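**Student:** The following block contains the structure, expressed as structure tokens.
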Amino acid sequence: EKGGYGTFMEKEIHDQPKAVEDTLLGRTDASGRLVLDELRIDPDELKGISKIIVLACGTSAYAGMVAKYAIEHWVRVPVEVELSHEFRYRDPIIDDSTLIVSLSQSGETMDTLMAVRYAKEQGARTLAICNTNGSTIPRESDAVLYTHAGPEIAVASTKAFLAQITASYLLGLYMAQLRGKLFQGEIEDILADLHKIPAKIQEVLDGADDIRQLARDMAQAPSVLFLGRHVGYPVAMEGALKLKEIAYIHAEGFAAGELKHGPIALIDEGQPVFVVVPSPHGRDSLHAKVVSNIQEVRARGAKTITVAEVGDADVVDYSETVFYVPETQPLLMPLLTTVPLQIFACALAAEKGYDVDQPRNLAKSVTVE
Ligand code: M6R
């Protein structure tokens, strides 16, 4: 049942090309237009939405952060992302033109369920992006978009995360199509690039021996920092969470722009720092700014490990190790840049002899508040 792998987590990391492919499957009609019939929500209602609030916990909340960058860019509707357990205990501004998008692998996370119930009571429309058919959160939501990652057994989420990001892109593109915010040709181009992602994930998986070797070499590291910017920021957060969860190593993710506002004080000789580098084809100057962050931490003695787009020569001089991922649109990069970080955490935990699938103190789905 582990498909020849030693652990479910390894298997699920390797299931990711299929998880993304299956989540994309059957979402377009013969003319290439997105059809999300299963949403069960009136397209006119989606047209009238004035604000989206994404609610989730843990890894799912990082998928929500990626969703924000994509949906705001494509749909031009404001998107807030909030941890479910914080949302309910403030006084959030919600009305019937607010769309709540919950993200949950299990569909049973109590914090997210309670937040969705609360939002419904306040009159919001609710849409669940979920990996578990018939679970409670989609049952209680007005609309549902299932991710098709297949059952995820390891406590640490991997393939569900990539599937959630994929489904968020589909939702964003669908809303952009409904609201006429992108040309049909632009939507088709993005979808075509999405369909190329599974083969690119496979390339990352096939070239992962160096990552596993690095993990073995770094098994004694007391702390690891992760930096990213734009959609690389949630990827950095996710890389840090994976390492905390299964390898019990102190790890922090930061937005690279925050470095000089505090975290750079942590850098001294030998401190490992992973940097998720934005695409050199993305927003002007973002790539250059992150490259100078790499220089800054390196100059203070950090051991720099970068995850960059293939062909990015600018990072080489300042990186002790570079992991390249294939090229794609800047907004789609998390589907590729996350993978080396998952493999790293999984290999490091295995090297330390820990139970990768059942880390201490954690449950697969958190059904208490
Ligand atoms: O089932 P959910 O997606 O609602 O779960 C949310 C979090 O509990 C979950 O992502 C958790 O952070 C995982 N252990 C991450 O690996």
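**Student:** Find, among the chymotrypsin sites (Phe, Trp or Tyr not before Pro) in the stretch 161-221, those assigned to loop by DSSP (not H, G, I, E, B) with at most 10 other beta-carbon atoms within 10 angstrom.
**Tutor:** none
**Student:** Then there is this: For the stretch 1-64, state the average projected area of the convex hull of the C-alpha atoms over all orientations, rounded to one decimal in nm².
**Tutor:** 7.1
**Student:** Of all alpha-carbon pairs in the stretch 1-148, indicate the percentage at a distance above 20 angstrom.
**Tutor:** Roughly 51 percent, once rounded to a whole number.
**Student:** Can you list which of the GluC sites (Glu not before Pro) found in the stretch 1-42 are DSSP loop residues with at most 11 other C-beta atoms within 10 Å?
**Tutor:** The qualifying sites are 1.
**Student:** Per 10 Å bin, what percent of the C-alpha pairs of the stretch 252-346 does each bin hold, from zero upward?
**Tutor:** 16, 52, 30, 2
**Student:** Could you calculate the contour length gain from residue 153 to residue 269, that is, 0.36 nm times the residue separation minus the distance between their Cα atoms, to one decimal place in nm?
**Tutor:** Gain in length upon complete extension: 37.9 nm.
**Student:** Averaged over all directions, how much area does the convex hull of the C-alpha atoms of the stretch 105-220 cover when projected, in nm²?
**Tutor:** With the hull built on Cα positions only, its mean projection is 10.2 nm².
**Student:** Still on this structure, I have one more. Using helices alone, I'd like the mean residue ellipticity at 222 nm for the chain: each DSSP H run of four-plus residues gives -39500 (n - 2.57), total over residue count, nearest 500.
**Tutor:** Result for the chain: -13500 deg cm²/dmol, rounded to the nearest 500.
**Student:** When every alpha-carbon pair in the stretch 36-116 is counted, what percent end up more than 17 Å apart?
**Tutor:** Cα-Cα pairs in the stretch 36-116 separated by more than 17 Å: 48 percent.
**Student:** In square nanometres, what is the average projected area of the Cα convex hull of the chain?
**Tutor:** 17.6
**Student:** Among the aspartates and glutamates, select those whose C-alpha is under 12 Å from the C-alpha of residue 260, and discard any that sit fewer than 8 residues away in the same chain.
**Tutor:** Of all the aspartates and glutamates, those that pass the test against residue 260 - Cα under 12 Å, at least 8 places apart if same chain - are 296.
**Student:** Let me ask something else about it. Can you tell me the orientation of helix 334-351 relative to the chain, as the angle in degrees between its alpha-carbon axis and the longest Cα principal axis, to the nearest 10?
**Tutor:** Helix 334-351 sits at roughly 50 degrees to that axis.
**Student:** Taking θ as phi - 60°, what are the ³J(HN,Hα) couplings along the stretch 93-109 by the Karplus curve (6.51, -1.76, 1.60), each to the nearest whole Hz, with x for Gly and Pro?
**Tutor:** Residue by residue, the stretch 93-109 yields 8, 9, 8, 6, 9, 8, 9, 8, 10, 9, 10, 8, 5, 7, x, 10, 4 Hz.
**Student:** Quick check: the angle from helix 159-178's long axis to the longest principal axis of the chain, C-alpha only, nearest 10 degrees?
**Tutor:** Taking the Cα atoms of the chain, the angle to 159-178 is about 50 degrees.
**Student:** Taking the Cα centre of the chain as the origin, how large is its charge dipole in debye, to the nearest 20, when only Lys and Arg (+1) and Asp and Glu (-1) carry charge on their Cβ atoms?
**Tutor:** Magnitude of the dipole: close to 360 debye.
**Student:** Which aspartates and glutamates, on any chain, are close to residue 242 with Cα under 19 Å apart, when same-chain ones fewer than 8 places away are left out?
**Tutor:** Once the sequence-local aspartates and glutamates are set aside, what remains near residue 242 is 10, 12, 15, 152, 209, 210, 217, 252, 351, 355, 357.
**Student:** Ok, one more. Which aspartates and glutamates, if any, have their Cα less than 15 Å from the Cα of residue 196, not counting same-chain residues under 8 positions apart?
**Tutor:** Of all the aspartates and glutamates, those that pass the test against residue 196 - Cα under 15 Å, at least 8 places apart if same chain - are 21, 22, 188, 327.
**Student:** Just to be sure I understand the model, the point goes 7 Å from the Cα along the line to the Cβ. What's the resulting residue 117 to residue 89 distance in nm?
**Tutor:** Inter-label distance under the simple model: 1.7 nm.
**Student:** Return the subset of 120/244; 2/181; 159/352; 2/289; 47/244; 2/120 for which the Cα-Cα distance in this structure is over 32 Å, preserving the input order.
**Tutor:** Listed pairs above 32 Å: 120/244; 2/181; 2/289; 47/244; 2/120.
**Student:** Tell me the angle of helix 232-247 to the major Cα principal axis of the chain, expressed in degrees between 0 and 90 and rounded to the nearest ten.
**Tutor:** With both axes taken from Cα atoms, the answer is about 70 degrees.
**Student:** Give the residue list of trypsin sites (Lys or Arg not before Pro) in the stretch 69-133 that are DSSP loop and have at most 13 other beta-carbon atoms within 10 angstrom.
**Tutor:** Qualifying residues, ordered by number: 76, 90.
Bear in mind that the values in this text are calculations on the coordinates, not laboratory data. Here the structure is a predicted model, which is why all the values come from computation and not from measurement. All Cβ positions, glycine included, derive from the backbone under ideal geometry; neighbour counts span all protein chains shown.
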